[in-house]
Amino acid sequence: NAQTPKATKDYLHVPGPIVFDNKSYSLSWSSNPAENFYKQEYIVKGDNPDKFKTMALIDVVTGSNLKDVVNAKLAELKKMKETNPVVNYEVINNPKTGEYMIDFLLSANDANGNMNIVERNVYRYRSFTDKTGKASVQLFGISARSYGADIDKFFVALKANRKDLINKVSQFKIPDIKI
């Protein structure tokens, strides 16, 4: 008997699909790995979740403050940079909104030590108060990947258009959530 795939749970009740930069992203994966932590990933129809080109994501950490969540991500990136020279990041603080953005680059190597994946992420963090009155943090992010022979073109395009994605993410109306 063939098993029916289990539907992905929308923990955050985000009205979908998410439309970003004229692309429609549908919920493809979700997780509630801790009582106060929710993750949801969205991909474009036809994209493979394991080898996506672009992904939108929404994370929520309840009962936490913005600076702690941002600092935890920065500590993670700093640690990765110790062993991976491609890892690079920039923090952007918006004093008007109190939001933070982290623009960062990651890579992975194949078994032979050749770079086979490059991933660029722009994460936007904002504070909100959850339904119980606790300070909480919502992240909206866009991830773009390139694989194998396309990596060089990816780096050239990134150098020429780096600020475009930062501007688009900063201006995006982040979907409201309900936990």
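Here are the numbers for the structure shown:
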{"read-out": "Any hit, the range 24-40, residues being closer than 24 Å to THR132 by Cβ, of a type in the set (Asp, Glu) and at pLDDT 95 or above", "value": "no"}
{"read-out": "Candidates MET55, MET80, filtered to the one that is over 26 Å from GLU35 (Cα atoms) and of a type in the set (A, V, I, L, M)", "value": "MET80"}
{"read-out": "Counted residues, the range 67-103 - those being loosely packed, with under 12 Cβ neighbours inside 10 Å and among the hydroxyl-bearing types (Ser, Thr, Tyr)", "value": "2"}
{"read-out": "Unmet requirement for SER143, which otherwise passes all of (1) within 22 Å of GLY16 (Cα to Cα); (2) open to solvent by 20 Å² or more (accessible area, probe 1.4 Å); (3) not in a loop (DSSP other than H, G, I, E, B)", "value": "(2)"}
{"read-out": "Failed condition for ASP150, given (1) acidic (Asp, Glu); (2) closer than 15 Å to LYS51 by Cα; (3) not in a helix (DSSP H, G or I)", "value": "(3)"}
{"read-out": "Within the range 14-23, considering residues that are exposed (fewer than 15 other Cβ atoms within 10 Å of the Cβ) and at pLDDT 95 or above, the one farthest from ASP130 (Cα to Cα)", "value": "ASN22"}
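The values are calculated or read from the model by the stated rules, or taken from the named source; none is laboratory data. None of the values given here were measured: they were computed from a predicted structure. FYI the Cβ positions are ideal-geometry reconstructions off the backbone, even for glycines, and counts take in every protein chain you see. Just the protein is used for accessible areas: all its heavy atoms, side chains included, with ligands, DNA and RNA removed. Shrake-Rupley method; radii C 1.70, N 1.55, O 1.52, S 1.80 Å.
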